[in-house]
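Just below is one structure, and these are the notes that go with it.
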Amino acid sequence: MTDVFFAKKFTAGCLTEHSLAELMRTFTVMISAPSQSRSGPHPIFLWLLSSIGKKTIVALTGIVLLAFVAGHLAGNFTIYLGRDWLNWYAAHLQSLGPMLWIIRLFLLGVLVTHIFFTMLLWHENQAARPKKYIASDPVGTSVFARTMRLSGLVVLAFIIFHLAHFTVHLINPQFSHMEAMLDGHQVHDCYGMVVLGFSSLPVVIIYVVGLFLLTCHLSHGIGSLFQTLGLTNRRLHKMIELATRVIAWILYFGYISIPLSIITGIVK
Ligand code: HEM
């Protein structure tokens, strides 16, 4: 039964609008099948090894990462409300204590899974690709689609730089000693740190370029995850493509507005 399901998915190439429900149904049957009737690897393992299984994992982890990127932007936007708001937001996050570490480890796990399954899929596509197409790019795919791996790698480098900058304070060690008063308590001056961090033009350029590549990645990624989860069809395709680009560019302009407002002196 599982083989027939996967064979159908492979020959179809991509999922139809009803396939999410079909996928969920088959998945439920697979995991609830009595273990004594099975021989060989567990069906979940087989599903994970299938193309559609890997694509679904990439899509689901992508949704979690996208939710983080949107939520992080909302939190960062408190900078426009003033020093106390951003410092309150940062202090509130720190006060989560061990819970913050659980969230951090969860996000790290999601990121690693997203990258790992993307690499598995890429490897699979390379192996299945006929030699004569190796030098030519597929006609009709956008530049965002063709540069997914490259933009993904640059996004990873950007995240590492960002963590070294604002979380580990490797680039400016004085960030660790910046303090401010909030409701009579001494807290880390996150606002002062961000303002000082973005008063350097090279740093602003790194963010504007890094965030641009994140946008390219998201622009194609959000559309693909709708397709992988079977939430699109020919009629909806154009609309989803447009909505995807709009969301990605809203996030881009939202994020770059912060370094640009600081370097131009609007936020000080
Ligand atoms: C202009 C853009 C951005 C600004 C101003 C910004 C600001 C910050 C600040 C201030 C922190 C440290 C918070 C603290 O320790 O109190 C932080 C942490 C972090 N940022 Fe960003 N961020 C930006 C873009 C991004 C993007 C695009 C991503 C992901 C793709 C991202 C992912 C993270 C992560 C994972 C952390 C670590 C969170 C933690 O350990 O608690 N940031 N960011």
Taking first residues from segment 180-205 that are free of Cβ contacts under 8 Å to residues at least 24 places away in the same chain and second residues anywhere that are among the β-branched types (V, I, T), the pairs with Cβ under 9 Å that are 6 or more apart or on different chains are M181/V187; S200/I263
Taking segment 45-95 and the residues there that are among the hydroxyl-bearing types (S, T, Y) and more than 15 Å from the ligand (Cβ to nearest atom), the one that is nearest to A248 (Cα to Cα) would be T56
Q. Does segment 129-138 contain at least one residue that is at pLDDT below 80, aromatic (F, W, Y) and either farther than 20 Å from A248 by Cβ or in contact with a Leu (Cβ under 9 Å, 6 or more places away or on another chain) (or both)?
A. yes
Counting only residues that are farther than 25 Å from L150 by Cα, within 16 Å of the ligand (Cβ to nearest atom) and without any contact (Cβ under 8 Å) to a residue 60 or more places away in the chain, segment 210-260 contains a total of 1
Considering residues that are more than 11 Å from the ligand (Cβ to nearest atom) and in a helix (DSSP H, G or I), the number found within segment 177-195 is 1
Does I159 fit the bill of being assigned to a helix (DSSP H, G or I), more than 10 Å from the ligand (Cβ to nearest atom) and surrounded by fewer than 17 Cβ atoms within 10 Å (Cβ to Cβ)?
no
Notebook entry, point to check: Do we have G210 as surrounded by 20 or more Cβ atoms within 10 Å (Cβ to Cβ), in contact with a helix residue (DSSP H, G or I) (Cβ under 7 Å, 6 or more places away or on another chain) and within 27 Å of L156 (Cα to Cα) here?
Noted result: no
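The values are calculated or read from the model by the stated rules, or taken from the named source; none is laboratory data. Because the structure is predicted, anything quoted here is derived from the model rather than measured. Quick reminder, even Gly has a Cβ in these numbers, built from the backbone with ideal geometry, and neighbours come from all protein chains shown.
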